[in-house]
Amino acid sequence: MQQFMSTGYIKVGNDYINPYNIAHIGRNSDNTTCVTYNVVAQGPNGIGPSSDRIPVNSDKFAQCAVKAMQTGEIIDVMA
């Protein structure tokens, strides 16, 4: 298994997402993208994943995540 130095970020609007924390990328029925994160924040039910709905194409988001991990750059999904 190849190891990536995950130093890049995905830019979505004003948010910067570290692809290293992404557990799942899926497409919702309304064509928004659902991104599930592995978070280390303590929530009311202990430590668990959180998710975000992002209005971009899931495939494009996934490609940007891979590119960000490979290059260490900030990749803008909206561009």
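With respect to residue 76, determine if the residue is modelled with pLDDT under 95 and acidic (Asp, Glu).
So residue 76 does not fit the description; no.
Considering every residue within segment 12-27, establish whether at least one is modelled with pLDDT under 80 and open to solvent by 100 Å² or more (accessible area, probe 1.4 Å).
no
Restricting to segment 17-39, name every residue that is assigned to a helix (DSSP H, G or I) and out of contact with any Phe, Trp or Tyr (no Cβ under 6 Å at 6 or more places or on another chain).
19, 20, listed by residue number.
Can you list residue pairs whose Cβ atoms sit under 9 Å apart, with the first residue in segment 10-30 being more than 18 Å from residue 75 (Cα to Cα) and the second being open to solvent by 50 Å² or more (accessible area, probe 1.4 Å) and assigned to a helix (DSSP H, G or I)? Count only pairs 6 or more apart in sequence or on different chains.
From segment 10-30, the pairs are 27/59.
With (1) loosely packed, with under 11 Cβ neighbours inside 10 Å; (2) modelled with pLDDT of 90 or more; (3) not polar (S, T, N, Q) as the list, and residue 41 as the residue in question, which single condition is left unmet?
Result: residue 41 fails condition (2) only.
The values are calculated or read from the model by the stated rules, or taken from the named source; none is laboratory data. Note that the coordinates shown come from a computational prediction; the quantities given were computed from them, not determined experimentally. Using ideal geometry, Cβ is built from the backbone for each residue, glycine included, and neighbour counts are taken over all protein chains shown. Ligands, DNA and RNA are stripped out before the accessible areas are found, and what is left, the full protein with its side chains, is counted by its heavy atoms. Shrake-Rupley method; radii C 1.70, N 1.55, O 1.52, S 1.80 Å.
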